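Data first, discussion second: the structure below is written as structure tokens.
We did not get these values from a lab; they are worked out from the coordinates using the rules stated. None of the values given here were measured: they were computed from a predicted structure.
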Amino acid sequence: MITNYAIAGLISFVSVFFKAFQNRNYNFDNYKLVIPTSWMIAACELYLLSLFIRDGINIVYVIVVGTGSGFGGILAMKLHSRFFKK
């Protein structure tokens, strides 16, 4: 069960990383990256959904997914700002 929580935290990190990155793609007209980034978001969200369906949702999932999501968003904003300039 601990492994599922770790996986959920990591997947939420990756999912929100790509969501924040996608938002920056829209803002900076990076058209080439929109579709591949959307595929990554979909894969992450569907995997997380399958974990919740299998295990049920509880407060630990909320905490690890929320924390992973926050860190993923912060990293995406920093990396995109560094590598893509308008």
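Table for the structure above
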{"item": "For the stretch 1-33 and the stretch 44-80, distance of Cα centres in Å", "result": "9"}
{"item": "Amide H within-cut-off set for residue 30, under 5 Å, with H built and near neighbours excluded", "result": "none"}
{"item": "Overall dimensions of the chain as given by Cα atoms, namely Rg and Dmax in Å", "result": "13.9, 44"}
{"item": "Relative contact order, percent, the chain [alpha-carbon distance under 8 Å, six or more residues apart]", "result": "53"}
